[in-house]
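Engineer: Once you've had a glance at the structure underneath, I'll fire off some questions.
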Amino acid sequence: MFSLAPTDYDAIRLSLQVSITATLLSLPFGFAVAYLITFAKFRGKMLLEVLVNLPLTLPPVVIGYFLLLLLGKHGWLGSLLNEAGIRLIFTLKAAVIASAVVGFPLLVRSLRIGMEGIDPLLINASRTLGARWHDTLLTVILPLSGPGLLAGSSLMFARSLGEFGATIIVAGNIPGVTQTIPLAIYEYSSSPANEMMALSLCLVSVAISMIVLFLHEMMSKKMARRD
Amino acid sequence: MNTMITKAATVLCLLLLATPVFAGEVNLSVAASLKEVLNELSDSFAKTHPGVKFFKNYGASGALAKQIENGAPSDVFISANLEWMDYLKNKKLVDSSIVTFTFNTLVFAGAPGKASSMQDLLKLERIAIGSPKSVPAGEYVTEALKKAGMDKQLEKKLVMAKDVRECLMYAERGEVDGAFVYKTDALLAKQAKILFSVPQALYSKVTYPMALTVAGAKNKDAAAFFAYLQGEEAKPVLLKYGFATR
Amino acid sequence: MQLSMTVKKSFGTFNLSADMKVSGDRIGIFGASGSGKSTLVNMLAGLLQPDSGEIVLGGDTLFSSTRGINLRPEQRRISMVFQQHGLFPHLSVKNNLLYGFKRCPAEHRTIDFDTLVAVLKLGTLLERSITNLSGGEKQRVALGRAIMANPRLLLMDEPLSALDDTLRFQIIPYLKSVSERFGIPYLFISHSLVEMRLMTDSALLIESGQIVEQTTSEQLARIRMGQSPVGYINLLELSDMTERDGMCAYRWKGIEVLLSAQNRETTSGLFELSSKDIILFKKHPEAISARNLLECRVSSLFESGRKLGVELECGEGSLVAEIVPEAALELGIKAGVTIHAAFKASAFRRLSKSDGDTINNG
């Protein structure tokens, strides 16, 4: 029978919370980076592109480990934060950071495709009509990036929902606090019995992912139709 | 051409499916806390029994039980609590040779000064325990917290580890305030220190049952090793690492 | 408007080296595709940076490689109308029109929106999205948008090339009237000599990245006559059509000309007649199949390539005919002689219908 424990509901809530937060936080940065890569010319652009795409090719546990080195109590950045009284490891914030890092390349990729589809003529027109680069960015590029933004956000959101490797290392498995759906299922998977509960949670996970991916496909089609 | 492909496919399938049992292989599924003990004991046994090769799988007893249930090769199973041994017994995956291997106690380890008693735990922010769904150490802790009436209050502070060693690692790294581990694990720690012992009244005695699996019973090397573990040579090693024999 | 541009730019195998100094309010740049016209204009607008050189407009230096000056496009106050309209798809017609206006410094916001809308006949389109507009409507909006920004120079880069013929010649009156009405000088780029002659007074000829000729637009058409497959296009404004004997009779400069019956829908309009379609006779022929035979006076001759252009005065109008030098000798054609010019009724091609505003309005 389909059954969910109270901690499972927590897991669903936390998964949604982390994914939404990670996506929203990444949007401005993703937009800025996509803009730079698409429109700006500068030395070291290729390096930026490689760095942005790096999390896509690294195993998530490697990303998690590096984040731990960076943000842990004795870490490079972490020790400073610790003195300011801010702790990140084993908190929901760490789960958000892990999802944000892992999903960032997907967001930028979609945004880039959207921006590259903008007719350069429109940008030229905007400039000759007196708009400075930031004006053009806000009044022409941003509105026309809409579909790219939505496609990228939904893809990133879907990826965040499934984030495990980096999350378990930096956020840990704390039921009710950081235990997202993948972590909950992992815990179930080590334990005999509990098969029905694990399966129920898996089904919920699949359902959420499918809804999000449908949205993504619809957005992508809208982008393609525009051309 | 078609027959060639069929032949190649058949050979490939046979290669993949065949799990040859070579003489002298012994598969061990052992609770994580017994890692050092079993490493030493298996090494000494191998010295006097050349030709025997050990494949060791250390982990949470519940996880190990599930693996054995799902067909993972295993000749000898040592669990950190009775529950998981009974689980396999009920599934008829271990034979009737169940004996008790050793005993242990539960302690709380962490950086010095963090806590000195169970009550102090309420002041802490993050406490690591093995996941009670599959780690006996975690199950004992849950039992103790419930008996002490503290389980609800500590609910959101517990970081779940996949086995007791991961628990210890969290404590060592300092990302948690402390961890519930076995005394024997704490003795191996470098940074974390034993802050207090969990009162025995709060939890069932930590007992390590061990048995030959149904497959293991047919493996004479496994049976010999099983006997060795119950013999006089094993006891000093256990004591050395802080395990109790009674 | 005074413009001087001395610039160099290299792209791989293409080298542009332009040196020009023009003054006037209606200037054309004529050249084939790939000749460098768009490159030149993009450098003027600031969208492309020259490798070296100087651009000075009305006394202000827009670019100078020696002095390290390079004004950004938004600082130059030069608007453009592109071949592909370049309208913002996410803004309404009205907001497209006002885009440049809003970004204009206050002291330059002198163009009256309502007047512009009336002149360009955009009143009914204001609240619409630009996606459903026709090609002609889009170009009118693009023109309006460029004008509203009150530029000191309007650049039009082949603005009519993407439109079909009828539309093209309907828009030309708008282009001219708007610029005159609001006092905005323009630079008009095209590969069509007819458009050039209708839109501009003087023109530059650009070939393979070099400016090879700078003269009046009419003169340019004569220079190009010899190498053009269509010769020199005579533009005739015909009116008062009446049907007669199955043909259409029009009045042109006090003369009657006959066109084929398929023109019966057009009471008046602008028509083309190629210099290649005019045949000259020394003596009045006894009878010819062509329905048009005029007695003209030769006013002058000019050379163009391997051909000779003959300027004819017929009634109050003038035509250019194209002949080979040998024919001139044979017929004894020289300035001052009387000659007979014949052309078929079917040789005419209609450029545009007039429905009230003739081409010479405004």
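The values are calculated or read from the model by the stated rules, or taken from the named source; none is laboratory data. A quick note: this is a predicted structure, and the numbers were derived from the prediction, not measured. Cβ: placed from backbone, ideal geometry, glycine included. Neighbour counts: every protein chain shown.
Engineer: Looking only at segment A:37-59, count how many residues are buried (at least 16 other Cβ atoms within 10 Å of the Cβ) and in contact with a helix residue (DSSP H, G or I) (Cβ under 8 Å, 6 or more places away or on another chain). Walk me through it before giving the result.
Structural biologist: Pass one, segment A:37-59, residues buried (at least 16 other Cβ atoms within 10 Å of the Cβ): A:37-39, A:49, A:52, A:55, A:58.
Then keep just the ones that are in contact with a helix residue (DSSP H, G or I) (Cβ under 8 Å, 6 or more places away or on another chain); that gives A:37-39, A:49, A:52, A:55.
Number satisfying all stated conditions: 6.
Engineer: Take the residues in segment C:65-108 that are of a type in the set (A, V, I, L, M, F, W, C) and part of a strand (DSSP E or B), then tell me which one is nearest to residue C:171 (Cα to Cα).
Structural biologist: Start the filter on segment C:65-108 by keeping residues that are of a type in the set (A, V, I, L, M, F, W, C), which leaves C:69, C:71, C:78, C:80-82, C:87-88, C:91, C:93, C:97-98, C:101, C:104, C:106.
Subsequent filtering for residues that are part of a strand (DSSP E or B) retains C:69, C:78, C:80-81.
Working: C:69: 37, C:78: 21, C:80: 16, C:81: 13 Å.
Result: C:81.
Engineer: On the given criteria, is residue C:275 small (Gly, Ala, Ser) and either under 20 Å from residue C:334 (Cα atoms) or in the same structural domain as residue C:194 (by TED's automatic domain parsing) (or both)? Can you show your working first?
Structural biologist: Working: small (Gly, Ala, Ser): yes; either under 20 Å from residue C:334 (Cα atoms) or in the same structural domain as residue C:194 (by TED's automatic domain parsing) (or both): yes.
Yes: the conditions hold for residue C:275.
Engineer: May I pose another question? Being surrounded by 20 or more Cβ atoms within 10 Å (Cβ to Cβ) and without any contact (Cβ under 8 Å) to a residue 40 or more places away in the chain is the filter here; which residues of segment C:302-327 pass it?
Structural biologist: C:308, C:310, C:312, listed by residue number.
Engineer: Now for a separate question. Would you be able to tell me the number of residues in segment C:206-221 that are surrounded by fewer than 20 Cβ atoms within 10 Å (Cβ to Cβ) and touching a residue at least 12 places away in the same chain (Cβ under 8 Å)?
Structural biologist: Here is the first cut: in segment C:206-221, the residues surrounded by fewer than 20 Cβ atoms within 10 Å (Cβ to Cβ) are C:207-208, C:210, C:212-216, C:218-219.
Imposing the further condition that a residue be touching a residue at least 12 places away in the same chain (Cβ under 8 Å) reduces the set to C:207-208, C:210, C:214-216, C:218.
Selection size over segment C:206-221: 7.
Engineer: Please pick out the residue among C:256, C:295 that is assigned by TED's automatic domain parsing to the domain that holds residue C:329, modelled with pLDDT under 95 and within 28 Å of residue C:170 (Cα to Cα). Before you say what the answer is, go through the steps one by one.
Structural biologist: Details: C:295 fails: within 28 Å of residue C:170 (Cα to Cα).
After applying the criteria, what remains is C:256.
Engineer: Facing another protein chain (nearest Cβ under 9 Å) and under 24 Å from residue A:55 (Cβ atoms) - does that describe any residue in segment A:105-120? Walk me through how you get there before you give the answer.
Structural biologist: At the first step, the residues of segment A:105-120 found to be facing another protein chain (nearest Cβ under 9 Å) are A:119.
Then keep just the ones that are under 24 Å from residue A:55 (Cβ atoms); that gives none.
Within segment A:105-120 (the criterion being facing another protein chain (nearest Cβ under 9 Å) and under 24 Å from residue A:55 (Cβ atoms)), the answer is no, since none of the residues qualifies.
Engineer: Another question, then. Suppose we filter segment C:90-123 for residues that are of a type outside the set (D, E, K, R), surrounded by 15 or more Cβ atoms within 10 Å (Cβ to Cβ) and either within 25 Å of the chain's Cα centre (by Cα) or within 14 Å of chain A (Cβ to nearest Cβ) (or both); how many remain? Show your work before the answer.
Structural biologist: Initially, segment C:90-123 is screened for residues of a type outside the set (D, E, K, R), giving C:90-93, C:95-101, C:104-106, C:108, C:110-111, C:113, C:115-120, C:122-123.
With the extra rule that they be surrounded by 15 or more Cβ atoms within 10 Å (Cβ to Cβ), the set shrinks to C:90-93, C:95-101, C:104, C:111, C:113, C:116-117, C:119-120, C:122.
This time we only want the ones that are either within 25 Å of the chain's Cα centre (by Cα) or within 14 Å of chain A (Cβ to nearest Cβ) (or both), so: C:90-92, C:95-101, C:104, C:111, C:116-117, C:119-120, C:122.
Residues meeting the conditions: 17.
Engineer: Out of C:244, C:152, C:181, C:168, I need the residue that is over 25 Å from residue C:319 (Cβ atoms), modelled with pLDDT under 90 and not hydroxyl-bearing (Ser, Thr, Tyr). Which one?
Structural biologist: Working: C:244 fails: over 25 Å from residue C:319 (Cβ atoms); C:152 fails: modelled with pLDDT under 90; C:168 fails: over 25 Å from residue C:319 (Cβ atoms).
Only one candidate qualifies: C:181.
Engineer: Could you please give the count of residues in segment C:21-41 that are surrounded by 19 or more Cβ atoms within 10 Å (Cβ to Cβ), in contact with a helix residue (DSSP H, G or I) (Cβ under 8 Å, 6 or more places away or on another chain) and not aliphatic (A, V, I, L, M)?
Structural biologist: So in segment C:21-41, the residues surrounded by 19 or more Cβ atoms within 10 Å (Cβ to Cβ) come out as C:26-31, C:35-41.
Narrowing the set further to residues that are in contact with a helix residue (DSSP H, G or I) (Cβ under 8 Å, 6 or more places away or on another chain) leaves C:26, C:28-31.
If we keep only those that are not aliphatic (A, V, I, L, M) as well, we get C:26, C:28, C:30-31.
Total satisfying the criteria: 4.
Engineer: Would you say residue A:66 is in a helix (DSSP H, G or I) and touching a residue at least 60 places away in the same chain (Cβ under 8 Å)? Reasoning before the result, please.
Structural biologist: Details: in a helix (DSSP H, G or I): yes; touching a residue at least 60 places away in the same chain (Cβ under 8 Å): no.
When the stated conditions are applied, residue A:66 does not pass them.
Engineer: Continuing with this model, one more query. Suppose the filter is loosely packed, with under 14 Cβ neighbours inside 10 Å, part of a strand (DSSP E or B) and out of contact with any Cys (no Cβ under 9 Å at 6 or more places or on another chain); does residue C:299 pass it? I'd like the intermediate steps shown before the answer.
Structural biologist: Details: loosely packed, with under 14 Cβ neighbours inside 10 Å: yes; part of a strand (DSSP E or B): yes; out of contact with any Cys (no Cβ under 9 Å at 6 or more places or on another chain): yes.
Yes.
Engineer: Output yes when any residue across segment C:147-159 is among the small types (Gly, Ala, Ser), in contact (Cβ under 8 Å) with a residue 40 or more places away in the chain and under 23 Å from residue C:123 (Cβ atoms), and no when none is. Break it down stepwise before answering.
Structural biologist: We begin by selecting, within segment C:147-159, every residue among the small types (Gly, Ala, Ser); these are C:149.
Within this subset, residues satisfying the condition of being in contact (Cβ under 8 Å) with a residue 40 or more places away in the chain are C:149.
Restricting the remaining residues to those that are under 23 Å from residue C:123 (Cβ atoms) gives C:149.
Yes, segment C:147-159 has at least one match.
Engineer: For segment B:39-56, check the following and say yes or no: at least one residue is within 12 Å of chain A (Cβ to nearest Cβ), in contact with a helix residue (DSSP H, G or I) (Cβ under 9 Å, 6 or more places away or on another chain) and either modelled with pLDDT under 95 or at negative phi (or both).
Structural biologist: If we filter segment B:39-56 for residues that are within 12 Å of chain A (Cβ to nearest Cβ), which is where we start, we get none.
Checked against the condition, which is being within 12 Å of chain A (Cβ to nearest Cβ), in contact with a helix residue (DSSP H, G or I) (Cβ under 9 Å, 6 or more places away or on another chain) and either modelled with pLDDT under 95 or at negative phi (or both), segment B:39-56 yields no hits at all.
Engineer: Report whether or not residue B:114 is away from every other protein chain (no Cβ under 14 Å) and surrounded by fewer than 24 Cβ atoms within 10 Å (Cβ to Cβ). Write out each step before concluding.
Structural biologist: Working: away from every other protein chain (no Cβ under 14 Å): no; surrounded by fewer than 24 Cβ atoms within 10 Å (Cβ to Cβ): yes.
Taking the combined requirement at face value, the residue does not satisfy it.
Engineer: Another question about this same structure. Closer than 22 Å to residue A:194 by Cβ and among the charged types (D, E, K, R), is that true of residue B:175? If you could, list the steps in order and put the result at the bottom.
Structural biologist: On the way: closer than 22 Å to residue A:194 by Cβ: no; among the charged types (D, E, K, R): yes.
No: the conditions fail for residue B:175.
Engineer: Moving on to the next point. Residue C:290 passes all but one of (1) over 23 Å from the mean Cα position of the chain (by Cα); (2) exposed (fewer than 14 other Cβ atoms within 10 Å of the Cβ); which number fails?
Structural biologist: (2)
Engineer: Looking at C:61, C:39, C:6, which is the one that is more than 30 Å from residue C:107 (Cβ to Cβ) and more than 14 Å from chain A (Cβ to nearest Cβ)?
Structural biologist: C:6
Engineer: Looking at (1) of a type in the set (Ser, Thr, Tyr); (2) within 14 Å of another protein chain (Cβ to nearest Cβ); (3) over 26 Å from residue A:143 (Cβ atoms), find the lone condition where residue C:131 falls short.
Structural biologist: Result: residue C:131 passes all but (3).
Engineer: Within segment C:258-279, restricting attention to residues that are in contact with a Cys (Cβ under 9 Å, 6 or more places away or on another chain) and aliphatic (A, V, I, L, M), which residue is surrounded by the fewest Cβ atoms within 10 Å (Cβ to Cβ)? Show your work before the answer.
Structural biologist: At the first step, the residues of segment C:258-279 found to be in contact with a Cys (Cβ under 9 Å, 6 or more places away or on another chain) are C:258-264, C:266.
Adding the requirement that they be aliphatic (A, V, I, L, M) leaves C:258-259, C:261.
Details: C:258: 18, C:259: 25, C:261: 11.
Checking each candidate, the answer is C:261.
Engineer: Quickly run through segment A:138-182 and pick out the residues that are surrounded by fewer than 21 Cβ atoms within 10 Å (Cβ to Cβ) and at positive phi.
Structural biologist: Passing the criteria: only A:176.
Engineer: State all residues of segment B:29-57 that are among the charged types (D, E, K, R) and touching a residue at least 24 places away in the same chain (Cβ under 8 Å); if no residue qualifies, say none. Lay out the reasoning, then the answer.
Structural biologist: If we filter segment B:29-57 for residues that are among the charged types (D, E, K, R), which is where we start, we get B:35-36, B:40, B:43, B:47, B:53, B:56.
Correct list: B:35, B:36, B:40, B:53, B:56.
Engineer: Over 30 Å from residue C:236 (Cβ atoms), in a loop (DSSP other than H, G, I, E, B), among the hydrophobic types (A, V, I, L, M, F, W, C) and out of contact with any Pro (no Cβ under 9 Å at 6 or more places or on another chain): which single residue out of C:147, C:111 fits that description? If you could, list the steps in order and put the result at the bottom.
Structural biologist: Working: C:147 fails: in a loop (DSSP other than H, G, I, E, B).
Testing whether each residue is over 30 Å from residue C:236 (Cβ atoms), in a loop (DSSP other than H, G, I, E, B), among the hydrophobic types (A, V, I, L, M, F, W, C) and out of contact with any Pro (no Cβ under 9 Å at 6 or more places or on another chain) leaves just C:111.
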